Amino acid sequence: MAEQKKGTLSLSCPNNFKKMASPNEKIRQSFSHGKTKLVTVEVKKKRGVSRPLGKNLDGLTGLSRNNGLTDAELETRIKAVKDAIRVDKEQEESRLIQERERREQELQQTERESDHGVESPSAVVAQNGDTTNKSSGNFGKNEAETKRGTGYDRVSSARAPRQTKNTETEEEDFQTGAIRKVPVVKKGIKELREHYTTGSSKISIHNALDADDGKTRSLTSIKKAKKKGRFIQSSSEDLKVIKEVILPETISVQELSNRMAIRTGDVVKTLMKFGVMITANKIIDADTAELIVLEYGHKVKRVSDSDVEIGLRQEDEKAELLPRPPVVTIMGHVDHGKTSLLDALRKTDVAANEAGGITQRIGAYQVTISDGRKITFIDTPGHAAFTEMRSRGANVTDIVILVVAADDGIKDQTIEAINHAKAASVPVIVAINKIDKHGANPDNIRKNLLNHGIVVESYGGDVMDVEISAKSGMNLQKLEEAILLQAEILDMKASPNRKAEGVVIESKVGKGLGPIATVLIKKGTLRSGDIFVSGTVYGRVRAIRNDRGEDLKEITPGMPGEIVGFNGSTAPGDDFIVVENEAKAKEISDYRDRKRRELAWVVTSRTPNEQMFSQIEADEKLRTLSIIVKADVQGSAEAICSSLQKLSTEEVAVKIVHAGIGEITENDVSLAIASGATLLGFNVRANMLAREQITRDRIQVKYYSIIYDLISDVSTLLSGLLTPDIKENILGAAEVRKIFEISKFGKIAGCMVTDGIIKRGTRIRLMRDGVVVHTGDIKSVKRNKDDAKEVKAGFECGISLENYNDIHSRDIIECFELEEVARQL
């Protein structure tokens, strides 16, 4: 038997097959089970790919050496060739990944259309029975033509396991862009899945393209490699997607990168290029985020967190407006009779129950006059500490009544009240009180008001003035008429048929009721059960009470009321708005609380290192007095804190550890222990548990009912922290007559006391020709060889100085002592 000659295996076709398989020739395919099929064979021109140089670098080495290259030049050229081979391979792998993803998307689209009974445009069959497809990759020409019913190829998306229905559809040519009609095969999901699960062993264009050294990579492995950044997309410009990135007022770097679908590390690097050194978890503002988004070519849509408040306030319709009671604020200097005037109008006796006879909180009341019309009065404190209260009173009022005592004249708080009224642009009615008192001079009051821009009608101005006596009730009716006349001029109206809006006048904590606020309704009607938001808190109206403690079902515009149902303590001056539901109220309150905290964290400027260290040094020298303030109402707590802060100087300062309303609790005592603070209670007392802890731990607690006393005591405590002044008292002087040197004691100055006394242990100055040459202490004083405590003028003595011997004749020794003198603020 002749031995067969061994040959090299190759993919080239036999000659007889080449002759037989001419372009687009049909041949019959036989199967092992005896069946045959007629298929169309495409003879594809061999693709011209340059032979990899990496596999024969030895030949390159020999060739280069023959050309006279050095070893360094040869290594550089070999490295360049290897880099080129690596880049080509990575680009080829990237192209294969894109091709695979496109095929997967086509398969998913086919499955979705099959589930809904829609004909898939992916299955294309030629009208003559042939199947033709063009890949969407980088090939740009037909890669497979198969007869219908011979299988399904992933690259062409054209081979179907079984034909069910032929229809025509329009398809755009990939190269020319021309539109042509092609028949479509509608396939079922079941046939597609059976084909992919059973036909994996057949040779197809898909297997040939994805083959990598005889192995096909799974989709999972390719995704992992892509995630690690091992592939380079050669057509990143074509795959880039322009997104609309929504930017709030603040956003974290991590969230910004997620919205742009860009790696967080790349965003951080971009920020560093702009000079912003930041980490992924930090917050940046919308302006900085917009620069980053535009840098990556995306579109920006700015939104604001305050959008939650859009539509919160409503405008009244003119057809629904009805007259409402005027809101009148009584302002003036302390002890000029504001509360007494209000008592006379209400026929009550509020002033008699006030500590020290002065008002220390804002009160809101409603008075019904003789003709049945109503007036709402707001009483403000006159003490200097309550400036903020008076400012709030002027901002919520329609008319200001300026009370001036006829026997006292214009004072500091009178001028302040005038300025508040001008700032709020509200009309003023001057009430000259205490007209029946001895020494009253109303004309002098009118003249002094001219200096502050208040011109009364009797002097040719437009400001009404009424001479009254709150004590006897004289001319109170004239004052009411003046108020109603001014109200008619202003034509004050509001709509009661809408959701209520108002403003918080005062707030406190009621025992068993929680936070309570006095609210003045400006629009709408407030009813029990309404859900509201006020400042950073919200709640549901559980109860409404008037100024006399009577329960009400509702309050209308211009009426004040005490509201129960807050979930936290609100601040005077905050708005009060009824909303649709609790979810809306919580969303608004959370947004406001978040903004308040953000403002507290914002650093307005960057401090240089030198300024920072000097600030630390100043803080070390500053002595502080820690204080915890508990008051009955929020307005009083604010006034106390503001007054105490004004006592601070460059050397001592008041540190408000905590300020709140309500009784002193064990938590307040624990905080005082931890911070070393002094507890101050204003019109409040400690509960039983707190009193036991105060006694046990010996905590300093002080109670007050008058703000004068509280401020005075704190001022005394601060004065004790001040460094005392050093006062120098000159005791006497002695002239050196002779110098004695004793080996045991050194130099002894023989002196004559010329003035005052010389005392042992005091400070001295040694002066020579009028110049101080030494300052120190006296070591010993001797008189007739005996130690002496002091020597008076006209006597001789011997003086030795501590650690100093350079004493000359005719020197003057001046004796003095230092005294500490306590300082006052």
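Go through segment 283-301 residue by residue and tally those that are touching a residue at least 40 places away in the same chain (Cβ under 8 Å), more than 15 Å from SER252 (Cα to Cα) and open to solvent by 50 Å² or more (accessible area, probe 1.4 Å). First the steps, then the outcome.
So in segment 283-301, the residues touching a residue at least 40 places away in the same chain (Cβ under 8 Å) come out as 289-290, 293, 297-301.
Among the residues that remain, those that are also more than 15 Å from SER252 (Cα to Cα) are: 297-301.
Those still in the list that are open to solvent by 50 Å² or more (accessible area, probe 1.4 Å) too: 299, 301.
The number of residues fulfilling the criteria is 2.
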Would you check which residues across segment 778-800 are exposed (fewer than 14 other Cβ atoms within 10 Å of the Cβ), part of a strand (DSSP E or B) and touching a strand residue (DSSP E or B) at 6+ places or on another chain (Cβ under 8 Å) and list them? ASP787, LYS792
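Within segment 646-667, count every residue that is of a type in the set (Asp, Glu) and farther than 19 Å from THR624 by Cβ.
Residues of segment 646-667 that are of a type in the set (Asp, Glu), as a first pass: 650-651, 663, 666.
Still in the list and also farther than 19 Å from THR624 by Cβ: 663, 666.
Adding up the residues that qualify gives 2.
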Taking first residues from segment 82-107 that are touching a residue at least 12 places away in the same chain (Cβ under 8 Å) and second residues anywhere that are part of a helix (DSSP H, G or I) and of a type in the set (Asp, Glu), the pairs with Cβ under 9 Å that are 6 or more apart or on different chains are LEU96/ASP210; GLU99/ASP210; ARG100/ASP210
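Quick one: would you say VAL771 is closer than 30 Å to VAL654 by Cα and hydrophobic (A, V, I, L, M, F, W, C)? Spell out how you get there, then give the answer.
On the way: closer than 30 Å to VAL654 by Cα: no; hydrophobic (A, V, I, L, M, F, W, C): yes.
Against the criterion (closer than 30 Å to VAL654 by Cα and hydrophobic (A, V, I, L, M, F, W, C)), VAL771 does not qualify.
Could you list, in sequence order, all residues of segment 502-537 that are part of a loop (DSSP other than H, G, I, E, B) and buried (at least 22 other Cβ atoms within 10 Å of the Cβ)?
Taking segment 502-537 first, the residues part of a loop (DSSP other than H, G, I, E, B) are 511-513, 524, 528-530, 535-536.
Residues satisfying the conditions are GLY524, GLY535.
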Go through segment 801-823 and count every residue that is exposed (fewer than 11 other Cβ atoms within 10 Å of the Cβ) and among the aromatic types (Phe, Trp, Tyr). 0
In segment 446-470, the residues that are open to solvent by less than 60 Å² (accessible area, probe 1.4 Å) and either free of Cβ contacts under 8 Å to residues at least 12 places away in the same chain or among the small types (Gly, Ala, Ser) (or both): GLY453, VAL455, GLY461, SER469, ALA470
Applying the selection to segment 540-554, what residues are touching a residue at least 40 places away in the same chain (Cβ under 8 Å) and within 15 Å of VAL578 (Cα to Cα)? ARG540
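If you take the residues of segment 721-758 that are in contact (Cβ under 8 Å) with a residue 40 or more places away in the chain and small (Gly, Ala, Ser), which of them is nearest to THR649 (Cα to Cα)? Please lay out each step first, then the result.
To start, the set of residues in segment 721-758 that are in contact (Cβ under 8 Å) with a residue 40 or more places away in the chain comprises 721-740, 745-753, 756-758.
Keeping just the survivors that are small (Gly, Ala, Ser) gives 732-734, 746, 749-750, 756.
Numbers: GLY732: 38, ALA733: 40, ALA734: 43, GLY746: 50, ALA749: 48, GLY750: 50, GLY756: 40 Å.
Across segment 721-758, the extreme among qualifying residues is GLY732.
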Condition check: at pLDDT 90 or above, open to solvent by 50 Å² or more (accessible area, probe 1.4 Å) and touching a Gly at 6+ places or on another chain (Cβ under 9 Å). Does ARG540 satisfy that? yes
Just a yes or no: is a residue in segment 755-770 surrounded by fewer than 16 Cβ atoms within 10 Å (Cβ to Cβ) and modelled with pLDDT under 85? yes
Residue satisfying condition, being part of a strand (DSSP E or B) and not basic (Lys, Arg), within set ALA653, ALA637: ALA653
With the checklist (1) in contact with a Lys or Arg (Cβ under 7 Å, 6 or more places away or on another chain); (2) open to solvent by less than 40 Å² (accessible area, probe 1.4 Å); (3) not aromatic (Phe, Trp, Tyr) in hand, flag the one item ALA421 doesn't pass. (1)
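Which residue, of ASP465, ASP443, is in a helix (DSSP H, G or I), of a type outside the set (S, T, N, Q) and modelled with pLDDT of 85 or more?
On inspection, the qualifying residue turns out to be ASP443.
Restricting to segment 639-655, name every residue that is in contact with a Leu (Cβ under 9 Å, 6 or more places away or on another chain) and of a type in the set (A, V, I, L, M).
So in segment 639-655, the residues in contact with a Leu (Cβ under 9 Å, 6 or more places away or on another chain) come out as 640, 643-644, 647-655.
Passing the criteria: ILE640, LEU644, LEU647, VAL652, ALA653, VAL654.
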Would you confirm, using the coordinates I've provided, whether ASP491 is under 48 Å from the mean Cα position of the chain (by Cα), under 30 Å from GLY311 (Cβ atoms), open to solvent by 70 Å² or more (accessible area, probe 1.4 Å) and among the charged types (D, E, K, R)? yes
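Give the number of residues within segment 419-437 that are more than 25 Å from LYS347 (Cα to Cα) and in contact (Cβ under 8 Å) with a residue 24 or more places away in the chain.
Filtering segment 419-437 down to residues more than 25 Å from LYS347 (Cα to Cα) leaves 419-427.
From the residues that got through so far, the ones that are in contact (Cβ under 8 Å) with a residue 24 or more places away in the chain too are 420-424, 426-427.
Qualifying residue count, segment 419-437: 7.
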Within segment 86-98, track down each residue that is exposed (fewer than 15 other Cβ atoms within 10 Å of the Cβ) and β-branched (Val, Ile, Thr). VAL87
Which of the residues belonging to segment 656-691 are open to solvent by 30 Å² or more (accessible area, probe 1.4 Å), in a helix (DSSP H, G or I) and either out of contact with any Leu (no Cβ under 8 Å at 6 or more places or on another chain) or within 30 Å of THR723 (Cα to Cα) (or both)? ASN667, SER670, LEU671, ILE673, ALA674, SER675, MET688, LEU689, ARG691
Among the residues of segment 540-574, which ones are in a strand (DSSP E or B) and either over 16 Å from GLY514 (Cβ atoms) or in contact with a Pro (Cβ under 8 Å, 6 or more places away or on another chain) (or both)? ASP551, LEU552, GLU554, ILE555, PRO560, GLY561, PHE566
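The values are calculated or read from the model by the stated rules, or taken from the named source; none is laboratory data. Since the structure is predicted, the reported quantities are computational estimates derived from the model, not experimental observations. Heads up, the Cβs are rebuilt from the backbone with ideal geometry, glycines too, and the neighbour counts pull from every protein chain shown. SASA here: full protein model, heavy atoms, side chains in, ligands and nucleic acids out. Shrake-Rupley method; radii C 1.70, N 1.55, O 1.52, S 1.80 Å.
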